[in-house]
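Peer 1: Here's a structure for you.
Values quoted throughout were computed directly from the atomic coordinates according to the rules given, and no laboratory measurement underlies them. The structure displayed is predicted, hence computed values, not measured ones. Positions of Cβ are generated from backbone atoms using ideal geometry, with glycine treated the same way; all protein chains shown enter the neighbour counts.
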Amino acid sequence: MMRRAVVEQIMMLLMIFVFLVTLFFLIIDYSSVAKVQNQLDMLTREGSRLISLGKGEDKVANMVNLLKTNYYKSVTTDDISCIEDSTLTTNKVLFTVTAPFHSRFDAIGESGDVNIVSTSVAYNEWSSSEVNCTIILQKEGAI
């Protein structure tokens, strides 16, 4: 009778240990996604500010390359798509950055793959038209 209670206690402790380890990895993955989201927010704010001041796509690409992590490939001017709509006189710049993220823990997204999107709006000081810019970051090789 005593042995059965000891076995049950060991099984309960193992289940608690597995639960805590799983929770630990979930917290690590969600904090990684939050870090990438924070970085993309910073990139969109800076990108919308540069475009609103009339800077070119080469300046934006240089800024993105200086601020991004090594997880993503370098951005060129071909990767930046800016469309200026002169029929809309809303004086705003919409800047969107999309980045794929792969988690090693499948609880986030389908098989660990998620797309993180960040958008920022700035007052267009350069012209009265609406400018819509997008960048899609690409992963640097298989990690």
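Peer 1: Could you tell me the extents of the range 1-113's C-alpha atoms along the three principal axes, largest first, rounded to whole Å?
Peer 2: 83, 28, 20 Å, listed from the longest principal axis down.
Peer 1: Can you give the angle from 0 to 90° between the axis of helix 57-67 and the longest principal axis of the chain, with both taken from C-alpha atoms, to the nearest 10?
Peer 2: Compared with the principal axis, the helix lies near 30 degrees.
Peer 1: So, in nm, how far is label ALA34 from label ASN65 when the simple model puts each one 7 Å beyond its Cα toward the Cβ?
Peer 2: Label-label distance for ALA34 and ASN65, simple model: 3.3 nm.
Peer 1: A further question on this structure: With labels modelled as points extended 7 Å from the Cα through the Cβ direction, what inter-label distance (nm, one decimal) is found for LYS73 paired with ASP41?
Peer 2: The answer from the label model is 2.8 nm.
Peer 1: State to the nearest 20 debye the size of the charge dipole of the chain about its Cα centre, where the only charges are +1 on K and R beta carbons and -1 on D and E beta carbons.
Peer 2: Magnitude of the dipole: close to 640 debye.
Peer 1: Starting with the highest mean, order 46-55, 132-141, 16-25 by the number of other Cβ atoms within 10 Å, averaged over the residues of each peptide.
Peer 2: Put in order of decreasing packing, that is 46-55, 132-141, 16-25.
Peer 1: Set the Förster radius R0 to 30 Å, insert the Cβ-Cβ distance between LYS55 and LEU26 as r into 1/(1 + (r/R0)^6), and round the FRET efficiency to 0.05.
Peer 2: After rounding to 0.05, the efficiency reads 0.15.
Peer 1: Moving to a separate point now. Given labels modelled 7 Å from the Cα in the Cβ direction, how far is it in nm from ILE10 to SER127?
Peer 2: 7.5
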